[in-house]
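Shown next, in structure tokens, is the structure this report addresses.
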Amino acid sequence: MLNRTVLPRRASSSSLIPLASVSVIVALILGIANPIYAAVAVVGIVVTGLIFWRPVIGLLLLLVSVPFQSLKSVHVSAFPISSTEVLLSLTMVAWLLRVVIRREQRFLAMPLLPLLLLFIFGIVCSFLSIISAPPGQSSFAWGFKELVKWIELVGTYVLATNLFTTRKQLLVGASLIAACAVIEAVIGAYQFVRRVGPPSFLIHGLFMRAYGTFAQPNPYGGFLNFSVILVFALAIAYWQKPAGKLLVLSGLALVGAVLISLSRSAWLALLIAFAVVFDRGGRTTRILLGLGVVLFVLIAWFYVLGILPASLSGRITAAFDVSNVNVLRPTPATFSVAQRLAFWIAGWHMFEGHWLLGVGIGNFGFAYPHYALPGWQQNLEHAHDYYLNQAVETGVLGLGTYLIWLGNALRLAWHTSGEVRDPVLRALAIGVLGMLVTLSIHNFLDDLFVHGTVVQIAIMLAWLSVVRRLEGLPASHQPVEGQPEFIQPVIAGA
């Protein structure tokens, strides 16, 4: 349990006095050369001071940084440094100082940490393939860059599990996630309506795929999906209050933004996530889910029998039929499907030759040219399927350890969303479950561990432990009798 000593406010604030003095001196020095540098320096020093004063502020700022980190970043050798890396480093240092020097708190229960470390071990083992590869056929730097990403996830998970301690902090974090997602939705809507974007994103000369600040529509749609279930779950929890109506509008805006991304991966992931959450809701929602399944089966049956209108049937065939796709001679209509098939075929051949430890984490791009199909030499550096990509880069050891921690994360989210009785905390747990489901499904057709999303994923994973702690539940799942249904009790208790 938490064992922390709260310092008097005067003692905590006094530690900022030297930092404030430094900020004034730096501002005066830089202001002589360039006022903009002075302003940036002061903001940076103030933010640093706030983080060292209250490290949880760093985590909240990280949630804002993730979608907008690409607006400004620098490269040190092959490693991009953005606001996300800077904020995470500052928060980690500030928290460690409290733990090691001031002994202000002890480590709290982190049920997913051992499994994440097991996955890190699987990644590290793949470096043996990088070391043993012929010269010029692997990159230690690329492998280390990918390893750092997962270390960031583990570090953020540890920070968030220990620094989020109150219901208010969780709600502030959820509000920031929702607000950033809505801003991204507005940006995407502008791109779609005004047709702002590269020509390759223009479909049939009419529809510009929304991509926000993510440069690509697929990760953009995947990022929005992380928030959709959370927003609707909180809307139900606050349905009898004005915030509930605002959350519903926000949720609808997010769904609309996912639709205009024209990302079939995001569409499929969101549809399955809604189905899973509906099942989590109890008897009433299971009835609705059952009706949806029946409707889906009827449409599929009508499609097979040729009863559907020709226009609708043609759209379904074009979207899902791969039997007529020629990988070596794709048409404009089949290019995206052919591209994925080409990368999957090359990836499978890579895995066959390196099934145990893979070609090395982060080294898909280095190995790909040796396995590329004719006409598909363009290297996108991933397999368009994260599970296949993980198998290629880290072998069965890395893929197996990844599936172990992912499966346990889904299990923890599933049981937590069923055991928690507080309506708002339950909504947060359901939001985490929805995030994990969309992540898991979308990664069959792409890779969502990009653009700093590992930080948001880690923070939301940590919420499961915090929610269980606030609810008085054990850190890991234990069967609880009389689990409440979701919708009716939530509305009644709001």
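Overview of results
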item: Lysines whose Cα lies under 22 Å from that of Lys168, excluding same-chain neighbours fewer than 8 positions away; result: Lys241, Lys245
item: Diffusion coefficient, µm² s⁻¹, Stokes-Einstein with Kirkwood Rh over alpha-carbon pairs of the stretch 403-475 at 4 °C and 1.567 mPa s; result: 103
item: Taking Ile441, Ile345, Ile229 and counting other C-beta atoms within 10 Å, the order from fewest to most; result: Ile345, Ile441, Ile229
item: The stretch 337-472: Rg to Rh, with Rh as the Kirkwood radius over Cα pairs; result: 1.09
item: Simple label model, 7 Å out from Cα along Cβ direction - Lys241 to Val193, nm; result: 3.1
item: The stretch 63-165: proportion of alpha-carbon pairs further apart than 16 angstrom, %; result: 67
item: Relative packing of peptides 262-270, 187-195 - highest average C-beta neighbours within 10 Å first; result: 262-270, 187-195
item: Dimensionless Rg over Rh [the stretch 159-246; C-alpha; Kirkwood]; result: 1.10
item: Amide proton proximity set for Val359, modelled H, under 5 Å, gap of 5+; result: Glu393, Thr394, Gly395
item: Ascending count of other beta-carbon atoms within 10 Å, so fewest first, for Met350, Met460; result: Met350, Met460
item: In sequence order, calculated HN-Hα J values of the stretch 401-410 (Karplus, 6.51, -1.76, 1.60; Hz; x Gly/Pro); result: 5, 5, 5, 5, 6, 5, x, 5, 5, 4
item: Candidate lysines for bridging to Lys72, where Cα separation is under 21 Å - those fewer than 8 sequence places away on the same chain excluded; result: Lys145, Lys149
item: Extended-chain gain in nm, criterion 0.36 nm per residue less alpha-carbon gap, Ile299 and Leu97; result: 66.8 nm
item: Three-way shape label, the stretch 147-204, alpha-carbon gyration tensor, a/c 1.5; result: oblate
item: Sorted peptide list for 43-50, 233-240, criterion being average Cβ within 10 angstrom, highest first; result: 233-240, 43-50
item: Segments 161-168, 461-468 sorted - mean Cβ within 10 Å per residue, highest first; result: 461-468, 161-168
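All of the numbers you see were taken from the coordinates with simple rules; none came from a lab. Keep in mind that what you see is a predicted model, and the values were worked out from it rather than measured. As a convention, Cβ positions derive from the backbone with ideal geometry for all residues, glycine included, and neighbour counts pool all protein chains shown.
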